[in-house]
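J.: After the structure tokens below, expect a handful of questions from me.
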């Protein structure tokens, strides 16, 4: 069976970075993708979708250091569904894209144009999450070496 997602879009805000209780780095951010269509009246309209993106391990550290709001990014990952109970006791369902690898399509600190550097590992696996956390266990995301950076 296959669970694979490929997206190209722009970051909606700077990545939120933290360390889990087990010492694993995690970065979360939103990625906007847009599609232009003609509506029933023949007018061109743009539909934007916002995707929740999660990076683990070394990829999270790279995201923290090199990505910012507006960065153009190519992402490969998998869909992960989760749920948690909010403060009112209601069950909230979430959908995230867990990154297997990503490539910056805009230069460092640049929100447009430019080269690209690939970051990631096909071995990257997020820890099994329970509840709202994802703090359990340790994560992959290894296989990335600073010497691979073109800058």
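Only the coordinates and a few stated rules stand behind these numbers; no lab work does. Just so it is clear, the model here is predicted, and its values are computed rather than measured. Methodologically, a virtual Cβ is constructed for each residue, glycine included, from the backbone with ideal geometry; neighbour enumeration extends over all protein chains shown.
J.: Can you name every residue in the stretch 1-26 that is out of contact with any helix residue (DSSP H, G or I) (no Cβ under 6 Å at 6 or more places or on another chain), outside any strand (DSSP E or B) and crowded, with 19+ Cβ neighbours inside 10 Å?
T.: Hit for the stretch 1-26 is 24, nothing else.
J.: Moving to a separate point now. Could you please find all residues in the stretch 46-95 being in contact (Cβ under 8 Å) with a residue 60 or more places away in the chain, under 14 Å from residue 28 (Cβ atoms) and in a strand (DSSP E or B)?
T.: 54, 55, 56, 73, 75, 77, listed by residue number.
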